[in-house]
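Scroll down for the structure; my scribbles are underneath it.
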Amino acid sequence: MSGEVTDMSGDQTASSAGHKGSVTKAVIPVAGLGTRFLPATKATPKEMLPVVDKPAIQYVVEEATGAGLNDVLLVTGRNKDAIENHFDRAWELEAALEKKGDQQRLQRVQKSQVLGDIHYVRQGDPRGLGHAVLCGAAHVGNEPFAVLLGDDLIDPRDPLLPTMLDVQRRHGGSVVALIEVDPAQINLYGCAAVEPDEGDVVRVTDLVEKPDPDSAPSNLAIIGRYVLHPAVFDVLRETPPGRGGEIQLTDALKTLIDEPADDGGGVRAVVFRGRRYDTGDRLDYLRTIVSLASERDDLGPDFRAFLREFVATMPPEAGPGDAS
Ligand code: UTP
């Protein structure tokens with residue numbers, strides 16, 4: 001991951017009203033049930049599903065620490081022990097690899113243990129993303145922080161978080177990330193109404209969770225990266241369960257749009273045009289693995305040869321007029 005966070009020393013301190021200070025903490029919610037991936041996620045967290053040979057969550061933690069957020073809080077829940085084990089030491093494994101003299105694999109195993117300062121908090125009941133973020137309130141305290149969803153991967157070649165951190169540093173308030181989606185698919189996402197600001201940075205004027213395509217204010221969908229003002233915690237405490245009976249982060253952000261800037265209000269967005277992979281969705285998960293594996297130096301050449309052969313022998317899809 002490229003892109004260090006700009007040194008913000010000399011700028012406003014984190015305790016000032018606008019909270020345009022340096023961000024050091026990342027909250028990564030991983031307590032969801034992962035129902036779209038059942039039965040694979042019955043006993044294994046979806047964030048631990050391998051993306052080639054690394055669990056999805058490691059890409060996300062690497063993205064956070066690569067952007068300078070060395071204090072990482074994972075919001076976990078039942079059945080998520082594998083995530084804690086992954087970021088812990090694995091003595092027997094290390095000893096076995098050391099004995100074999102397999103330095104390369106040893107380094108790969110150790111990589112996940114030295115990624116920043118990782119903390120955990122449990123979300124007793126998975127009562128929604130907003131509730132998961134609220135579980136991080138005591139750890140985060142009164143400073144702006146990032147939220148990265150544990151199943152949403154941003155390609156390190158297209159850094160997004162450093163831009164969002166920079167927007168929050170310059171303007172205060174909160175920052176979300178948006179992508180343009182097919183208008184017919186907007187009902188799968190939180191959707192933003194926006195006004196232009198500067199280039200790919202826009203002002204958010206309204207947010208709607210999973211709107212009907214006919215009434216959606218735009219085709220701009222919220223993806224799993226946020227830089228939030230700590231005022232969001234007070235708003236979340238007052239936010240009733242919304243769509244699906246869950247406490248929605250989108251609902252809390254909607255409230256923050258209209259709050260005065262001095263109280264931590266205002267929401268901007270960065271429109272992201274890079275590569276993003278939603279590993280919580282089965283089809284996107286498959287696309288992710290094929291894309292990333294085919295680009296790898298070690299696996300790519302053989303895998304691409306296989307793919308070419310596979311596609312060449314694939315029967316054509318039956319068109320609408322072809323049904324017999
Ligand atoms: P998703 O809605 O994609 O997760 O939440 P889910 O509920 O696990 O997925 P499905 O729809 O049942 O397959 C996005 C992120 O927020 C976390 C999830 O772990 C995921 O990383 N999350 C969601 C929580 O931590 N707590 C919750 O209550 C809900």
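The values are calculated or read from the model by the stated rules, or taken from the named source; none is laboratory data. Here the structure is a predicted model, which means the values were calculated and not measured. Using ideal geometry, Cβ is built from the backbone for each residue, glycine included, and neighbour counts are taken over all protein chains shown. SASA here: full protein model, heavy atoms, side chains in, ligands and nucleic acids out. Shrake-Rupley method; radii C 1.70, N 1.55, O 1.52, S 1.80 Å.
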**Report entry** Cα-based shape type of the range 123-164, given that a ≥ b ≥ c are square roots of the gyration tensor eigenvalues and the cut on a/c is 1.5
**Finding:** oblate
Query - Volume in Å³ per residue [convex hull over Cα atoms, computed for the chain] - result: 175 Å³
Report task. Report the relative contact order of the chain, percent, no decimals, based on alpha-carbon pairs under 8 angstrom and at least 6 residues apart. Result -> 21 percent
Report task. Work out, step by step, the length gained on full extension between D214 and E143: first 0.36 nm times the residue separation, then minus their alpha carbon distance; give nm to one decimal. Result -> 21.7 nm
Query raised in the report: Summing -39500 (n - 2.57) over the DSSP H runs of n ≥ 4 in the chain and dividing by its residue number, what mean residue ellipticity at 222 nm do you reach, to the nearest 500 deg cm²/dmol?
Result: -9000 deg cm²/dmol
Query raised in the report: Within straight cross-link reach of K54, meaning Cα distance under 19 Å, which lysines are found once same-chain residues fewer than 8 apart are removed?
Result: K46, K80, K111
Query - Calculated FRET value between D262 and T205, using beta carbons and R₀ = 25 Å, to 0.05 - result: 0.80
Query raised in the report: What FRET efficiency would be calculated for the residue pair K54, R243, taking the C-beta separation as r and a Förster radius of 30 Å, to the nearest 0.05?
Result: 0.40
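What number do you get for the range 137-241 when its Cα radius of gyration is normalised by 2.2 N^0.38 Å, N = residues?
1.11
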Query raised in the report: For the chain, what proportion of DSSP beta bridges, expressed in % and rounded to the nearest 5, is antiparallel?
Result: 60 percent
Requested in this report: Give, as ranges by residue number, the residues of the range 300-320 whose backbone N falls under 19 Å from the point 7 Å along Cα→Cβ of V290.
Outcome: 300-319
Query raised in the report: Ranked from the most accessible area to the least, with a 1.4 Å probe and all protein chains present, what is the order of H171, H229?
Result: H171, H229
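Give me the accessible area per residue for the chain, probe 1.4 Å, as a whole number in Å².
Numbers: 16210 Å² over 324 residues.
On a per-residue basis, the chain sits at 50 Å².
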Report task. Take each of the peptides 106-114, 93-101, average the number of other beta-carbon atoms within 10 Å over its residues, and list them starting from the highest. Result -> 106-114, 93-101
Query raised in the report: When N is the residue count of the range 57-159, what does its C-alpha Rg come to as a fraction of 2.2 N^0.38 Å?
Result: 1.21
Report task. Would you give the gap between the C-alpha center of the range 208-245 and the C-alpha center of the range 255-324, rounded to a whole Å? Result -> 23 Å
Query raised in the report: FRET efficiency for Q113 and N79, Cβ-Cβ distance as r, R0 = 25 Å, nearest 0.05?
Result: 0.70
Query raised in the report: Stretched out fully, how many nm does the piece from D197 to R170 gain, at 0.36 nm a residue minus the Cα gap?
Result: 8.4 nm
Query - Nitroxide proxy distance, nm - points 7 Å out along Cα→Cβ at E317 and T35 - result: 2.8 nm
Report summary line: For the range 20-58, listing trypsin sites (Lys or Arg not before Pro) in a DSSP loop whose Cβ sees at most 14 other Cβ atoms within 10 Å gives K42
